[in-house]
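The values are calculated or read from the model by the stated rules, or taken from the named source; none is laboratory data. Given the structure is predicted, the values throughout are model-derived calculations rather than measurements. All Cβ positions, glycine included, derive from the backbone under ideal geometry; neighbour counts span all protein chains shown.
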Amino acid sequence: MASVDPNSPVLEATGIQKTYVAPTGRLEVLRGVELSVMRGTVLAILGVSGAGKSTLLNILGTLDRPDEGTVTVGGRRVDDLSESELARFRATRLGFVFQFHHLLPEFTAEENVMMPLLIAGVSPEAARTRGRAALAAVGLNERHEHRPSELSGGEAQRVAVARALVAEPELVLADEPSGNLDHKAAAALHELIGSLAKEKHQTFVIVTHNDRLAAVADEALTLEAGRLTRPPAGRGPTP
C-alpha cells in the first residue's frame, strides 16, 4: 500500500454532483457533496432509502463517475483515471463490503479471502499467509477451511470484511454491511469495525440506515436532498 501522510485525509470529495435522467425528468441525486475522512476513522453516512447513499459510495469507490466534482484517495485524484487504471486502483488500494457477502460458495473462507491477492498476481503461498492473517484479524482463524454454507451469516460477513482488508487498502467502503444480519451478529460486526479502525488504523466509510452502526462511528453524516449534513441531536455516534 502506498504511504499516506497520517495528518492528511485518506479520502476527499469536492463538489460531487450526479444526475440521472428518468421518464419523469432529471433527478438530481447528489448536489455538491463535500467530504473529508482522516486515516483510522469510521464515517457513517445515514439516509433514507433512495437518498443516494449507494450512488455516493459507488462514486467514492470509483465504481461510478460523478457528473462534476473530484475524488481523491490517499493523495491520488481518481475521478479522471482511465478504466484500466481504475481497475488496478480498486484492486490494490480499496476494499469493499456489501450487504450480502458475495462469497464464492465452492471455495473455503481462506480461498475466498485469498482471491483478491491471486487476481493481483500475488503468489499462492504469500496469498495464503496473508489470507490466514486477515481471517485471524476478524476472529475466524479456526474457520478458514469452512465453506460459506458451513458459516453463520455473521461469520460469512466477517469473511467478507477479511477479504476487503487482505490487500491492506487505504480505504474500506461498506454498503449496509449488517443489513442482512440478526441483532446479535450485527452488533458483533459493528464492534469489529470499530476495533479494526482503532487497532489497525483502518479507514471505513459506511452507508447505512442503521443508527446502531452509526453509534460506533467517529462521525455520522446524513445524506438528504443531495447534500451531506450532520444528523439531528440524538442521532449518530455516542460519546
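Computed quantities for the displayed model
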| item | result |
| --- | --- |
| Among (1) surrounded by fewer than 18 Cβ atoms within 10 Å (Cβ to Cβ); (2) modelled with pLDDT of 90 or more; (3) at negative phi - the single one GLY15 does not satisfy | (3) |
| In the stretch 55-104, residue surrounded by the fewest Cβ atoms within 10 Å (Cβ to Cβ) [restricted to those that are of a type in the set (D, E, K, R), without any contact (Cβ under 8 Å) to a residue 12 or more places away in the chain and outside any loop (DSSP other than H, G, I, E, B)] | GLU83 |
| Identity of the residue in the stretch 133-167, assigned to a helix (DSSP H, G or I) and more than 20 Å from the chain's Cα centre (by Cα), that ends up surrounded by the fewest Cβ atoms within 10 Å (Cβ to Cβ) | SER149 |
| Every residue from the stretch 30-46 that is within 14 Å of ALA225 (Cα to Cα) and buried (at least 21 other Cβ atoms within 10 Å of the Cβ) | LEU30, VAL33, ILE45, LEU46 |
| Residue in the stretch 116-130 that is within 16 Å of VAL161 (Cβ to Cβ) and touching a Leu at 6+ places or on another chain (Cβ under 7 Å) present | yes |
| Meets criteria (touching a helix residue (DSSP H, G or I) at 6+ places or on another chain (Cβ under 6 Å), closer than 30 Å to GLU191 by Cα and among the β-branched types (Val, Ile, Thr)) for VAL42 | yes |
| Those residues of the stretch 139-166 which are more than 21 Å from GLU12 (Cα to Cα) and among the aliphatic types (A, V, I, L, M), in sequence order | LEU140, LEU151, ALA156, VAL159, ALA160, VAL161, ALA162, VAL166 |
| The stretch 7-40 - residue that is outside any strand (DSSP E or B) and touching a residue at least 40 places away in the same chain (Cβ under 8 Å) and, of those, nearest to ASP218 (Cα to Cα) | GLY40 |
| Unique match (being farther than 17 Å from LYS53 by Cβ, modelled with pLDDT of 90 or more and not aliphatic (A, V, I, L, M)) among GLU219, GLU150, GLU170, GLU191 | GLU150 |
| Failed item in (1) under 23 Å from PRO9 (Cα atoms); (2) touching a residue at least 24 places away in the same chain (Cβ under 8 Å); (3) surrounded by fewer than 20 Cβ atoms within 10 Å (Cβ to Cβ), with ASN210 passing the rest | (1) |
| Subset of the stretch 112-132 (residues that are assigned to a helix (DSSP H, G or I) and in contact (Cβ under 8 Å) with a residue 12 or more places away in the chain) | ASN112, VAL113, MET114, MET115, PRO116, LEU117, ILE119, ALA127, ARG128, ARG130, GLY131, ARG132 |
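Conditions (1) among the small types (Gly, Ala, Ser); (2) not in a loop (DSSP other than H, G, I, E, B), marked per residue:
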residue: ALA187; (1), (2): yes, yes
residue: LEU196; (1), (2): no, yes
residue: GLU199; (1), (2): no, yes
residue: GLN202; (1), (2): no, no
residue: VAL205; (1), (2): no, yes
residue: THR222; (1), (2): no, yes
residue: LEU228; (1), (2): no, yes
